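**Student:** One structure follows; several queries about it will come next.
The values are calculated or read from the model by the stated rules, or taken from the named source; none is laboratory data. In this text the structure is predicted, and so the values were computed from the model without any measurement. Reconstructed Cβ throughout: ideal geometry from the backbone, glycine too, with neighbour counts over all protein chains shown.
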Amino acid sequence: MRTFAKRLSITAILVAAAVLLAPLSGLAADKELTVGSKEFTEQRILGNIMIVLLESKGFDISDKTGLGGTLVARKALENDQIDCYMEYTGTALLTFLDFEEPITDPQECYETVKKEDLKKNGLVWLPYMSFNNTYCLLMKKDQAKKMGIETLSDLAEAVNKDPDKITFALNAEFYARKDGYRPLQKAYDFKFPRNKIMKMQSGLIYTALKDGQIDVGLGFATDGRIKGFDLVVLEDDKNYFPVYNPAPVVKKATADKYPELSGIFEALGEKLDTEAMTDLNYQVDIEHKDVKEAATEFLEGAGLL
């Protein structure tokens, strides 16, 4: 009888424990998100940073990073195939919200996109990252120093002084677009001679700069090859280029369900600056480090894990 009573007591304890734990496990299982990204290196890094960070906060994450281009990622969010991905403010402003003119102030661009995307599409922009992956003009570091060129105004002065001295490379899209090369010339009051302009694919521009085949090239501000090839970004001292700060984007229902997301990504945004993102791109593209490993090491170093 005593053995039976003991077994009964143990059974009662186990049942009580199961009842108490059931709501907790239900809550844990309910914290589920599917994180996506576009297909290029920086986006895959951003996606993995979100995954590792959210998992550390108790979320169960499904990984759908590397989906495709801008329109593919956006549609995946709109169609509930993913719950969250990082989009760039300038991209949303011009591509999804159909603004005619770019905004060059980061906070103003973010606030505009945040307001309009919620009003028109029911999408919530969480706090943005402090780095800006915009267009930039690049030179080899030693050559820029030798020529005394630090800013785009310095470059304009050098071009106007000796138009045949400097060769410039850009891609066909930037040459043609309305916020591209021609307005840039007007903003800084300079003009390269036609025989000093070379059109090539974006990836080839970095190699051409490294090998000394060109003097100035169009690039993106957080590309890992800037560090890998010892290049320097010329300061856009007149703030011509649009801003492209990334921010996590979710549907309003998701933001309402998980209000803690705002604080999580605000802390991340303060740490993920241009230097940090450039270094992460360098680790993956130049050193061939695993994307998730690079993301985890960054978060640990930033004190976010």
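**Student:** Considering only the range 263-281, state which residues are buried (at least 20 other Cβ atoms within 10 Å of the Cβ) and either among the small types (Gly, Ala, Ser) or part of a loop (DSSP other than H, G, I, E, B) (or both).
**Tutor:** Once the filter is applied, which keeps residues that are buried (at least 20 other Cβ atoms within 10 Å of the Cβ) and either among the small types (Gly, Ala, Ser) or part of a loop (DSSP other than H, G, I, E, B) (or both), the range 263-281 yields only LEU272.
**Student:** Can you name the condition, by its number, that GLU173 falls short on among (1) free of Cβ contacts under 8 Å to residues at least 60 places away in the same chain; (2) under 22 Å from GLY203 (Cβ atoms); (3) of a type outside the set (Phe, Trp, Tyr); (4) not in a helix (DSSP H, G or I)?
**Tutor:** The failed condition is (4).
**Student:** Now, a different point. Considering only the range 197-211, state which residues are part of a loop (DSSP other than H, G, I, E, B) and either touching a helix residue (DSSP H, G or I) at 6+ places or on another chain (Cβ under 8 Å) or of a type in the set (Asp, Glu) (or both). Explain how you work it out, then say what you get.
**Tutor:** First, the residues of the range 197-211 that are part of a loop (DSSP other than H, G, I, E, B): 200-201, 211.
Answer for the range 197-211, where residues must be part of a loop (DSSP other than H, G, I, E, B) and either touching a helix residue (DSSP H, G or I) at 6+ places or on another chain (Cβ under 8 Å) or of a type in the set (Asp, Glu) (or both): MET200, ASP211.
**Student:** Please tell me if THR95 is crowded, with 22+ Cβ neighbours inside 10 Å and closer than 30 Å to LEU155 by Cβ.
**Tutor:** When the stated conditions are applied, THR95 does not pass them.
**Student:** Can you tell me which residue is nearest to LYS186 (Cα to Cα) among those in the range 132-163 that are without any contact (Cβ under 8 Å) to a residue 40 or more places away in the chain and crowded, with 17+ Cβ neighbours inside 10 Å?
**Tutor:** Here the answer is ALA156.
**Student:** Yes or no: the range 229-237 includes at least one residue that is closer than 18 Å to TYR88 by Cα, surrounded by 17 or more Cβ atoms within 10 Å (Cβ to Cβ) and not assigned by TED's automatic domain parsing to the domain that holds PRO102.
**Tutor:** Looking through the range 229-237, none of the residues is closer than 18 Å to TYR88 by Cα, surrounded by 17 or more Cβ atoms within 10 Å (Cβ to Cβ) and not assigned by TED's automatic domain parsing to the domain that holds PRO102.
**Student:** Is the range 282-304 home to any residue that is under 18 Å from THR89 (Cβ atoms), surrounded by 14 or more Cβ atoms within 10 Å (Cβ to Cβ) and charged (D, E, K, R)?
**Tutor:** Looking for residues that are under 18 Å from THR89 (Cβ atoms), surrounded by 14 or more Cβ atoms within 10 Å (Cβ to Cβ) and charged (D, E, K, R), one finds none in the range 282-304, hence no.
**Student:** For the range 240-262, what are the residues that are under 17 Å from LYS31 (Cα atoms) and either over 17 Å from the mean Cα position of the chain (by Cα) or in a helix (DSSP H, G or I) (or both)?
**Tutor:** Matches in the range 240-262: LYS251, LYS252, ALA253, THR254, ALA255, ASP256, LYS257, TYR258, PRO259, GLU260, LEU261, SER262.
**Student:** I've got another one for you. Identify all residues within the range 238-262 that are closer than 21 Å to GLU55 by Cα, of a type outside the set (Lys, Arg) and surrounded by fewer than 17 Cβ atoms within 10 Å (Cβ to Cβ); write none if there are none.
**Tutor:** ALA253, ASP256, PRO259, GLU260, SER262
**Student:** Search the range 165-190 for residues being in contact with a strand residue (DSSP E or B) (Cβ under 7 Å, 6 or more places away or on another chain) and closer than 12 Å to PHE241 by Cα, and hand back the single one that is surrounded by the most Cβ atoms within 10 Å (Cβ to Cβ).
**Tutor:** So the residue we want is TYR181.
**Student:** Tally time: how many residues in the range 54-75 are out of contact with any Gly (no Cβ under 9 Å at 6 or more places or on another chain) and either assigned to a strand (DSSP E or B) or outside the structural domain of VAL249 (by TED's automatic domain parsing) (or both)?
**Tutor:** 3
**Student:** Being out of contact with any strand residue (DSSP E or B) (no Cβ under 9 Å at 6 or more places or on another chain) and in a loop (DSSP other than H, G, I, E, B) is the filter here, so list the residues in the range 133-164 that pass it.
**Tutor:** GLY148, ASP162, PRO163, ASP164 - these are the residues of the range 133-164 that are out of contact with any strand residue (DSSP E or B) (no Cβ under 9 Å at 6 or more places or on another chain) and in a loop (DSSP other than H, G, I, E, B).
**Student:** Restricting attention to the range 92-120, which residues are in contact with a Ser or Thr (Cβ under 6 Å, 6 or more places away or on another chain) and either more than 20 Å from ASN132 (Cβ to Cβ) or not aliphatic (A, V, I, L, M) (or both)?
**Tutor:** Passing the criteria: CYS109, TYR110.
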